[in-house]
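Read the structure below first, then the notes.
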Amino acid sequence: MGRYAYVNGSFVRHGDASVHIEDRGYQLGDAVYEVWALFDGKLADPEGHFARLERSLGELRIAMPMTRAALTIVLREAVRRNRVREGLLYLQVGRGVAPRNHAFPDGDVPPSVVVTVSAVDRAATEAKAAKGVAVITTPENRWGRCDIKTVGLLPNALAKQAAKERGAVEAWFVDDLGFVTEGASSNAWIVDAEGRLRTRDTNANILRGVTRFTLLDVLREEGMEVDERPFTPAEAKAAKEAFITGAGSLVLPVIKVDDHPVGDGVVGPMAMKLRRLYIERARATAI
Ligand code: PLP
């Protein structure tokens, strides 16, 4: 069974999919992206991801390539053609193809659009979640607009590689004041030593995670309090529990920070409960 990608208006075999060498996303990182979790072949958290896509594009003055309704049809068709039920959908929208110049091209250059779909082995990811993962910390070295979901991910890629080389799955950036901002591809949370659920507020230079946002909504519904206040790596090490959220990780328990066990060094009840609640909500609201 083949994989297919959507590239600028057509579905092509994944292995043959390519973009122009003067695509501004390729040369300048002048593009934004979204990643949806797929549950039973449906897009999770649709509203949050579409709203953030429109916001990221607006901040960069790139036009939506088509209406939300048309884009939804393209995304669903990409899922259908790839026959994926449980997985991830990647959408990239860039400023398009133009002779290489830093400033925006003159005239009407159509935005470039790429969609890929990949399958996720849910049994394997559930097994990983049940064991928990390790994270490392690393100095924050990204630009000042991490709220825009751009493909300029070199610091994130380097941090993730450093994590991998130390047997961890995520790197938490730490700002000049000594507080964790977020992970290289996830938001960071703890259940602190006093039992309070904490995650950084979105006035900070972080991505407004859609999974984070949905989880906050679930928590409100459950009547559970959350303190949107930054924490330090030392507080994370002294915490009862820690976890990360994102379309890829969903809600993933963290059992080690910089080789230091969090709590008892095993997956805690809060992270697993929130994982279950988030997945239930996401499955029920996917389109
Ligand atoms: N923070 C960063 C830097 C990310 O790249 C991501 C996801 O890729 C997240 C947070 C989590 O965002 P979301 O929950 O919307 O996937």
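The values are calculated or read from the model by the stated rules, or taken from the named source; none is laboratory data. Note that the structure is a prediction, hence the values are computed from the model and not measured. When we count neighbours, we look across all protein chains shown, and the Cβ atoms used for this are built from the backbone with ideal geometry, even at glycine. Side chains are part of the model used for accessible areas, which takes the heavy atoms of the whole protein and leaves out ligands, DNA and RNA. Shrake-Rupley method; radii C 1.70, N 1.55, O 1.52, S 1.80 Å.
Key figures
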read-out: Breaking point among (1) within 16 Å of the ligand (Cβ to nearest atom); (2) exposed (fewer than 15 other Cβ atoms within 10 Å of the Cβ); (3) touching a residue at least 12 places away in the same chain (Cβ under 8 Å), for Glu225; value: (1)
read-out: Residue that is surrounded by the fewest Cβ atoms within 10 Å (Cβ to Cβ), among those in the range 228-250 that are more than 13 Å from the ligand (Cβ to nearest atom) and in a loop (DSSP other than H, G, I, E, B); value: Arg229
read-out: Strands (runs of 3 or more DSSP E) (entirely within the range 101-189) containing at least 2 residues that are more than 14 Å from the ligand (Cβ to nearest atom), open to solvent by less than 60 Å² (accessible area, probe 1.4 Å) and in contact (Cβ under 8 Å) with a residue 60 or more places away in the chain; value: 112-119, 133-139
read-out: Given (1) more than 11 Å from the ligand (Cβ to nearest atom); (2) surrounded by 20 or more Cβ atoms within 10 Å (Cβ to Cβ), index of the condition Ile206 fails; value: (1)
read-out: Residue in the range 251-273 that is open to solvent by less than 30 Å² (accessible area, probe 1.4 Å) and within 13 Å of the ligand (Cβ to nearest atom) present; value: yes
read-out: Number of the exception - Asp217 against (1) within 15 Å of the ligand (Cβ to nearest atom); (2) surrounded by fewer than 15 Cβ atoms within 10 Å (Cβ to Cβ); (3) in a loop (DSSP other than H, G, I, E, B); value: (3)
read-out: Test set (1) under 21 Å from Ile136 (Cβ atoms); (2) within 15 Å of the ligand (Cβ to nearest atom); (3) not hydrophobic (A, V, I, L, M, F, W, C) - Asp201 fails condition number; value: (1)
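Yes or no, residue by residue, for (1) among the aromatic types (Phe, Trp, Tyr); (2) within 14 Å of the ligand (Cβ to nearest atom); (3) open to solvent by less than 20 Å² (accessible area, probe 1.4 Å):
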{"site": "Gly9", "(1), (2), (3)": "no, no, no"}
{"site": "Ala17", "(1), (2), (3)": "no, no, no"}
{"site": "Leu28", "(1), (2), (3)": "no, no, no"}
{"site": "Val32", "(1), (2), (3)": "no, yes, yes"}
{"site": "Val35", "(1), (2), (3)": "no, yes, no"}
{"site": "Asp40", "(1), (2), (3)": "no, no, no"}
{"site": "Arg52", "(1), (2), (3)": "no, yes, no"}
{"site": "Ala63", "(1), (2), (3)": "no, no, no"}
{"site": "Ile73", "(1), (2), (3)": "no, no, no"}
